[in-house]
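Structure, as structure tokens:
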Amino acid sequence: MTDSCPPGPHPTGSRTPKSPKIYDRYDTATYTPYPRSIPLARRHVAQLTADWGHPGAADDAALLTSELCTNALLHGCLRDRLFRVDTSLAGNTLRVAVTDPRGERLPEPRVAEDGEQFGRGLLIVREVSTRWAVDKLTVGKTIWAELDIPGATDA
């Protein structure tokens with residue numbers, strides 16, 4: 001397996017002393033492009049969210065992770081290329097970002113027909129998250145979703 005995803009942003013603590021603080025909390029993990037990776041990523045992000053002091057947001061964070069990772073697996077992964085999940089907390093905003101190696105395959109929300117098994121993931125992301133977007137990369141893309149956590153303060 002090769003990690004074809006470029007490295008993520010620098011978490012707090014790895015910047016120079018004069019650099020601005022980017023995150024209060026940050027984590028990154030890479031996964032193999034197989035279905036078994038989705039529940040692993042989902043549980044990991046839910047646990048991080050709870051450990052970072054926001055257990056009430058863990059279910060939504062897990063759902064967003066599941067949908068973004070499923071999209072990466074179905075539409076963005078290549079054989080033997082890892083995908084990455086970056087989780088960060090900045091103030092009251094939790095961000096889940098999934099990076100995959102296929103930048104030419106951008107997500108397009110669509111309306112699924114009754115009885116279709118697929119086609120609702122980005123609609124779920126749009127409804128659950130506060131905001132979401134796609135960042136094109138030189139190689140690949142990152143799809144991210146953010147949750148504004150009510151009552152949260154800077155960590």
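Every read-out reported here was derived from the displayed coordinates using simple, explicitly stated rules and does not represent laboratory data. Because the structure is predicted, anything quoted here is derived from the model rather than measured.
Couplings for the range 58-73, taken from phi via the Karplus curve 6.51 cos²θ - 1.76 cosθ + 1.60 with θ = phi - 60°, read 5, 5, 5, 5, 5, 5, 4, 4, 4, 5, 5, 5, 4, 4, 4, 5 Hz in order; Gly and Pro are left as x.
Once fully extended, how much extra length lies between Arg79 and Val134, figured as 0.36 nm per residue of separation less the alpha-carbon to alpha-carbon distance? Provide the component values of the computation, followed by the final result.
Numbers: separation 55, 0.36 × 55 = 19.80 nm, distance 2.20 nm.
The Arg79-Val134 span can extend by a further 17.6 nm.
Here the extension length gained between Glu108 and Asp59 equals 15.2 nm, from 0.36 nm per residue of separation less the Cα-Cα distance.
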